[in-house]
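Here's the structure, in structure tokens; my notes come after.
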Amino acid sequence: MPAAVREELNEKLPRIGQSPEAAYEDFSRLVLPYGNGNSHPRFWGWVQGSGLALGVIADMLASAMNPHMAGFNQAPRAVEEQVMSWLVELMGFPEAASGLLTSGASMANLTALATARHAKADWDIRRLGVRGGSRAMVAYCSTETHSCMERAMELMGLGSEALRLIPVDADFRMDVAALGRAVELDIKDGLLPFCVVANCGTVNTGAIDDLPAISAVARKHNLWFHVDGAFGALAMLSPKLRSRVEGLAEADSVAFDLHKWMYLPFEVGCVLVRDAVGQRATFTVSPAYLGNEQRGVIAGGLPFADRGMELTRGFKALKVWMCMKAYGVSAFAAAIEENVAQAEFLRELVGKHEELEMLAPVSLNVVCFRFARGTRPLDEVNREIIVRLQETGTAVVSSTSIGGKLAIRCAIVNHRTKRADLERFVEAVVATGKSLG
Ligand SMILES: *Cc1c(COP(=O)(O)O)cnc(C)c1O
């Protein structure tokens, strides 16, 4: 975005209207050309979805109807209930499970953790808070877990120290024996372990924890078993990939995003909870001004407000409903399978260049590698390669640190990517690396 454009965007508070045409003209000129590029076929940075065109239309229709999605007696509510039951079925959860569409996986993970905390506290935690019990609550996840979990623990008043970070093995999966030992030590110390969070696709490398083994530890110690499957859980859509995420359906709750590996426009994430009553018990309130009725507009109450923190919610269910109906699960499964095959293809391309080295195994759709030649410090070289490719508009990838080494990280959640895009990208990495000497 050129400095002159940024300058032009900096305007005084428009006290007098400039007309819709003028606003649109400014949008076209000053905003539209300068996104971060995540609808482009060569965007694999962070984990940003590529956005389906039909989702654009669905979002417009949703805004046009503008329904209040706390619930209410209306067709949009029936659409969200329908979408939830489809997602329950796709994830292999029991029919009686409940769930909620959220802004994203951060919110979905927070919602699940709050439900877990409420379920496992042996006192009235809603009324008395975390200090109402005689034992401090602790939860577990691996060192590879997304930072949203730490923020959830902080926000719930438990503190990030109460989130025990369990080490991982060489494949970046949680060391389950270490998990068992940590839980036992905390019990001995008089604490109340309440939840274990497993990763189904870590943000760094796409690693999938041993879900059945973690589930067994959770059952043994009466812990809530939550899975963060922000993108990885979507492997459940594919009969070919489902075995890689075995055990997911045993979870007490799972969080995932539809705006990542289901390619829907931002925002839409989802939390599923096996115990519908428990989710409701965590969040439901009944102030007089939201009184239920047998008939009329509020008949049936506000089921979605009862499942999370948000009262007024938008109609994000519509884009899920329309895109699933339009394309069918099979099309999403095919796109996800193709992204996994592309990650494998990229790994092979890296293997063909002796200037490049892999830094982590490819579990799903994330590839971490680096340029490893020359006399300059490699972290510096790889950081420069990433930024140059971004600035020249060649491709957008991001970085992470793997075993102390700066990695070029590609997370392929892009339905527009072709294999030729990956070939072009790898050639550019090698050429840029060499040019840096
Ligand atoms: C993206 C991501 C999150 C956070 O999801 P948002 O939709 O960005 O809130 C959490 N966990 C993992 C593994 C992720 O990849």
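Read-outs throughout are calculated quantities, based only on the coordinates presented, and are distinct from any laboratory measurement. These figures come from a predicted structure and were not determined experimentally. Neighbour counts are summed over all protein chains in view; Cβ atoms, including those assigned to glycine, are modelled from backbone coordinates with ideal geometry.
A few remarks follow.
- Residues with amide H under 5 Å from that of Ser401, placed H, sequence gap 5 or more: Ala407
- Antiparallel bridge percentage (DSSP; both residues within the chain; nearest 5): 60 percent
- 222 nm mean residue ellipticity, helices alone, for the chain (DSSP H n ≥ 4; -39,500 (n - 2.57); rounded to 500): -12500 deg cm²/dmol
- Virtual spin-label span in nm between Lys240 and Tyr34, 7 Å along Cα→Cβ: 4.2 nm
- Cα gyration tensor category, rounded, prolate or oblate, for segment 1-73 with a/c compared to 1.5: oblate
- Hull shadow area, averaged, segment 294-333 [alpha-carbon convex hull, nm²]: 4.3 nm²
- Ranked by the mean number of other Cβ atoms within 10 Å per residue, highest first, peptides 118-125, 280-287, 192-199 order as 192-199, 118-125, 280-287.
- Fraction of alpha-carbon pairs over 25 Å apart in segment 113-271 - percent: 28 percent
- When the chain is treated as a GNM with alpha-carbon contacts under 10 Å, the residue of Ser50, Ser19, Ser399 showing the greatest mean-square fluctuation is Ser19.
- Legend: residue pairs Lys260/Lys319; Lys260/Lys405; Lys405/Lys434; Lys120/Lys316; Lys260/Lys418; Lys319/Lys418, Cα-Cα distance threshold 23 Å; pairs beyond threshold, Lys260/Lys405; Lys120/Lys316; Lys319/Lys418.
- Shape call, segment 68-161: gyration tensor on alpha carbons, a/c limit 1.5: prolate
- From phi via Karplus (6.51, -1.76, 1.60), per-residue ³J(HN,Hα) for segment 184-194 in Hz, x at Gly/Pro: 5, 5, 5, 5, 4, 7, x, 8, 10, x, 10
- Over the chain, the Kirkwood radius and the radius of gyration, each from Cα atoms, give a ratio Rg/Rh of 0.99.
- Relative protection proxy for 101-110, 366-375, 343-352, from highest mean packing down: 101-110, 366-375, 343-352 (other beta-carbon atoms within 10 angstrom).
- Placing R0 at 35 angstrom, the Cβ-Cβ distance between Gln18 and Asn66 gives a FRET efficiency of 0.90 after rounding to 0.05.
- The percentage of C-alpha pairs in segment 303-437 whose separation is greater than 24 Å is 42%.
- Gap separating the Cα centres of segment 237-290 and segment 109-133, nearest whole Å: 19 Å
- Take each peptide in 34-42, 421-429, 183-191, count the other Cβ atoms within 10 Å of every residue, and average; sorted highest first, the result is 421-429, 34-42, 183-191.
- Taking amide H positions as modeled 1.01 Å from N, with prolines and chain starts lacking one, the residues under 5 Å from Thr102 and 5 or more places away or on another chain are Gly269, Cys270, Val271.
- Taking label points 7 Å from Cα along the Cα-to-Cβ direction, Thr375 and Glu427 give a separation of 3.0 nm.
- For the pair Ala4 and Glu267, a Förster radius of 22 Å applied to the C-beta separation gives a FRET efficiency near 0.10, rounded to the nearest 0.05.
- Segment 36-109, Cα convex hull volume normalised per residue, Å³: 144 Å³
- Each of Ala341 and Val285 was given a label point 7 Å from its Cα along the Cα-to-Cβ line. The distance between the two points is 5.1 nm.
- Shape category assigned to segment 371-414 from the gyration tensor of Cα positions, a/c cut at 1.5: oblate
- For the chain: relative contact order, % (alpha-carbon pairs under 8 angstrom, 6 or more apart): 23 percent
- DSSP-defined antiparallel bridges as percent of all bridges, segment 70-199, nearest 5: 10 percent
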